[in-house]
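S.K.: The structure under discussion is supplied below as structure tokens; questions concerning it will follow.
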Amino acid sequence: EAGVAQSPRYKIIEKRQSVAFWCNPISGHATLYWYQQILGQGPKLLIQFQNNGVVDDSQLPKDRFSAERLKGVDSTLKIQPAKLEDSAVYLCASSLARGGAKTPMQYFGPGTRLTVL
Amino acid sequence: SQQGEEDPQALSIQEGENATMNCSYKTSINNLQWYRQNSGRGLVHLILIRSNEREKHSGRLRVTLDTSKKSSSLLITASRAADTASYFCAHNYGQNFVFGPGTRLSVLP
């Protein structure tokens, strides 16, 4: 079974530039998550999709971050414009079912390490 | 913030010793999960314990859950150098997961 794929693995940009990350979840997984992990901290959920609909984006800085999951499969996360504090690893995860009482196991991709100069 | 805490922040032990990591959380939960993250990699699920369970085993891993104290512990027995990683607990809050800040474990050969 192929795992969660993410690209690029590394990205270096200057502040105020734009950047986009791509995620391909495990085939058949309805739920997709984007996390931000700052060095030395645990992952913080940015947005959760169920198929192509947004379940929760309460912690997504919507003035600069956007995400979409067209056709309920692949997803892209965009930052425009980037700030220094956006330097982090952006992790994508997928799971078979929705969260809640039966919060399922999540499968994580390798992440994209973003450095904003 | 609903983020819990983990302690210790860092732990260094010799190969063959046991390692214990603790996690606390603030809300009621349905289940709690432990994940491992090797340097530069994504997270890997280790074990899930439900709120009505008190202890669970998986190979060299033993997880306990005390819902009255809102805490959990992860014990790794007979540690190996390959166990060197960061370990995170995650609990569900509403629809979502909340991860703790993690414990960085170093197992010295």
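S.K.: With +1 on each Lys and Arg Cβ and -1 on each Asp and Glu Cβ, and nothing else charged, work out how big the dipole of the protein assembly as shown is about its Cα centre, in Debye to the nearest 20.
M.R.: Once rounded to the nearest 20, the dipole reads 280 debye.
S.K.: Within 10 Å, count the other beta carbons around each residue, average over each peptide in B:4-12, A:38-46, A:8-16, and list them highest first.
M.R.: Working: B:4-12: 15.6, A:38-46: 17.9, A:8-16: 13.0.
Peptide ranking by packing, descending: A:38-46, B:4-12, A:8-16.
S.K.: Take every Cα pair under 8 Å in chain A that's 6+ residues apart, average their separations, divide by the length, and report that relative contact order as a whole percent.
M.R.: Over chain A, the number comes to 36 percent.
S.K.: For the modelled label position 7 Å from the Cα of A:Leu84 along Cα-to-Cβ, which residues of segment A:15-42 have backbone nitrogen atoms closer than 15 Å?
M.R.: So the set is A:15-17.
S.K.: Other chains near B:42-50: what is the mean number of their Cβ atoms within 10 Å of each residue's Cβ?
M.R.: Across B:42-50, the average partner-chain Cβ count within 10 Å equals 5.
S.K.: Here's another thing I want to ask about it. Excluding same-chain pairs closer than 8 in sequence, count the lysine pairs in segment A:22-117 whose Cα atoms lie under 18 Å apart.
M.R.: Close lysine pairs found across segment A:22-117: 5.
S.K.: What distance in nm separates the simple spin-label points at B:Arg80 and A:Leu96, each placed 7 Å from Cα in the Cβ direction?
M.R.: Each label point is offset 7 Å from its Cα along the Cβ direction, giving 2.7 nm.
S.K.: Let me ask something additional. Considering only C-alpha atoms, what is the centroid distance from segment A:49-98 to segment B:26-62, in Å?
M.R.: The two parts, judged by their Cα centres, are 24 Å apart.
S.K.: Short version: ³J(HN,Hα) in whole Hz for each residue of segment A:109-117, in order, from phi by Karplus 6.51 cos²θ - 1.76 cosθ + 1.60 (θ = phi - 60°), x for Gly and Pro, what are they?
M.R.: x, x, x, 10, 8, 9, 10, 10, 9
S.K.: Can you list the aspartates and glutamates whose alpha carbon sits under 16 Å from that of B:Lys70, skipping same-chain ones fewer than 8 residues off?
M.R.: B:Glu5, B:Glu6, B:Asp7, B:Glu53, B:Glu55
S.K.: Follow-up question, since we're still on this one. 7 Å from Cα along Cα→Cβ at both A:Thr115 and A:Arg16: what's the point-to-point distance in nm?
M.R.: Inter-label distance under the simple model: 2.2 nm.
Readers should treat all values here as calculations from the given coordinates under stated rules, not as data from a laboratory. As the structure is a computational prediction, the values presented were derived from the model and not from experiment. Cβ atoms come from the backbone with ideal geometry, glycine included; neighbour counts cover every protein chain shown.
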